[in-house]
Amino acid sequence: MKNHIFIKNKINNFNEKIKVSSDKSISIRSILLASQSVGISKISNLLESEDVLNTLKTIKKLGINYYKKRNIYNIEGYGLNGFNIKKKTIINCGNSGTLARLILGLLVKTKKKIKLIGDKSLSKRDFSRVIKPLRMFGANIKSYKNMLPIEILGSDFLRPVTYNEKIGSAQVKSCIILCALNTPGTSIINAEISRNHTELMLKFLKYPIKIKKKKKFDQIFINGLHQFKAFEYDVPGDISSASFFIVLTLLSKQSQIIIENVNINKSRLGIVSILNKMGAGIQLKKRRTYNGEEIADIYVKSKRNLTAINCPSKLNSSAIDEFLIIFLVAAKAKGISRFKNLGEMNKKESKRLDIAIKFLELIGIKVERFQNDINIYGRPNLILSKNFEIKNFLKDHRVFFLSCIAALTLGGKWKINDKDSINTSFPDFLKTLKNLGAQIN
């Protein structure tokens with residue numbers, strides 16, 4: 001079966017309400033925490049993407065049963081370290097860095113050796129950032145060059161730690177938090193600001209976790225070995241998935257959209273802040289709180305006069321997954337947009353900063369690079385008419401999404417490869433585009 005699409009026409013104007021895929025970060029965390037709870041948790045509206053399905057397969061391999069009834073996943077947990085693990089267990093995390101890093105935190109007490117593997121992309125990513133703190137707790141970990149495959153053997157003699165997390169990585173922070181759940185005493189994490197879904201879910205579960213807000217970091221205290229009950233959770237929409245439809249609307253003519261029931265957690269809201277500084281006028285309507293998370297409907301209209309931005313670095317961590325699509329807006333904005341300290345983009349599913357620069361140059365945009373800083377010279381009147389082919393991007397779903405939005409808003413004739421990459425986070429992406437009138441073959 002062919003694994004590419006063709007887009008030959010820009011999208012016509014539209015005025016619609018849509019829903020995007022469920023939040024991937026919350027879907028994965030809800031499964032992992034359900035596996036550690038006591039009783040049967042019920043999770044509705046779970047994202048059924050490859051990363052999330054791999055998380056379900058993982059807990060199944062670790063002895064946790066689940067079943068789906070209607071739109072609800074029922075997961076039976078046996079409490080902290082309640083896994084029933086067989087000898088020579090191999091966990092395949094696929095493309096999911098979130099799953100691979102977080103599950104390590106829950107395996108620090110396992111009495112049998114477990115091997116973690118992943119796909120080609122994940123196997124190139126750096127795991128030293130979680131290996132180091134887990135060894136401080138007392139876990140036994142073997143890895144060649146701090147990459148997958150990784151072997152982990154737990155310990156009965158775990159000790160609480162104080163760890164300074166300086167990267168601003170929610171995956172690293174969450175891995176340490178999950179490890180601390182199984183550790184006696186109080187562990188302390190001084191963490192650079194990053195998305196805080198794990199902390200909010202534990203607060204919702206009434207787990208003894210305390211967070212002190214400092215000027216530049218969060219100080220997190222976790223008391224280990226406290227059991228928590230099973231729970232019910234309805235997963236909201238993912239702002240990372242919504243971001244592509246936000247930009248599709250901004251760059252299309254005479255269009256507007258309402259994206260319903262989206263998670264607008266402040267640690268994820270960087271794209272809205274950045275685009276509004278560029279004149280986007282994005283509105284958050286029907287704001288409400290659900291189990292500690294903020295939810296809203298996102299309202300967007302087409303904008304002709306977008307302006308360049310000198311992007312504050314403090315917004316980087318809250319927009320790290322959305323910079324690819326933000327750069328496309330910068331390409332159409334008036335003036336020179338400046339972005340700094342974006343090295344973390346190259347630690348994702350692909351080297352996204354490198355790919356972004358090549359992509360922008362491909363569509364005729366001048367880009368200056370200074371190590372991890374870039375300047376983008378906007379062209380408000382940019383219209384494409386050439387033929388383009390997008391390939392060799394390690395099957396990164398966000399590069400595929402970016403290419404589709406560029407094709408539908410800028411013109412040209414596009415062949416975009418690795419269509420199956422959408423299954424990582426947003427299986428209905430192309431269907432949603434077609435429902436808005438996009439012509440995709």
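The values are calculated or read from the model by the stated rules, or taken from the named source; none is laboratory data. Here the structure is a predicted model, which means the values were calculated and not measured. Virtual Cβ from ideal backbone geometry, glycine too; neighbours counted across all protein chains shown.
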* To do: Mind listing whichever residues of the range 347-381 are farther than 28 Å from residue 123 by Cα and acidic (Asp, Glu)?
  => 361, 368
* Here are 65, 13, 95, 84: which of them is over 26 Å from residue 203 (Cβ atoms) and crowded, with 22+ Cβ neighbours inside 10 Å? -> 95
* Return only the number of the condition from (1) surrounded by fewer than 22 Cβ atoms within 10 Å (Cβ to Cβ); (2) under 25 Å from residue 270 (Cα atoms); (3) modelled with pLDDT under 95 that residue 156 does not satisfy. => (2)
* Asked: Taking strands (runs of 3 or more DSSP E) that do not extend beyond the range 199-315, which have at least 1 residues that are more than 20 Å from the chain's Cα centre (by Cα), among the hydroxyl-bearing types (Ser, Thr, Tyr) and closer than 26 Å to residue 47 by Cα?
  -> 283-290, 293-301
* Could you grab me the full set of residues in the range 109-135 that are among the hydrophobic types (A, V, I, L, M, F, W, C) and modelled with pLDDT under 95? => 122
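If you check residue 120 against the conditions, is it more than 30 Å from residue 232 (Cβ to Cβ), in a strand (DSSP E or B) and out of contact with any Lys or Arg (no Cβ under 6 Å at 6 or more places or on another chain)? It would help to see each step written out before you state the result.
Details: more than 30 Å from residue 232 (Cβ to Cβ): yes; in a strand (DSSP E or B): no; out of contact with any Lys or Arg (no Cβ under 6 Å at 6 or more places or on another chain): yes.
No; evaluated as a whole, the condition is false for this residue.
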* To do: Please work out which residue is modelled with the highest pLDDT, limiting yourself to the range 301-319 and to residues that are under 20 Å from residue 259 (Cβ atoms) and of a type in the set (A, V, I, L, M, F, W, C).
  => 306
* Could you list, in sequence order, all residues of the range 114-123 that are surrounded by fewer than 17 Cβ atoms within 10 Å (Cβ to Cβ) and in contact with a strand residue (DSSP E or B) (Cβ under 7 Å, 6 or more places away or on another chain)? => 115, 117, 123
* Pick from the range 332-383 the residues that are at positive phi and of a type in the set (S, T, N, Q): which of them is surrounded by the fewest Cβ atoms within 10 Å (Cβ to Cβ)? -> 371
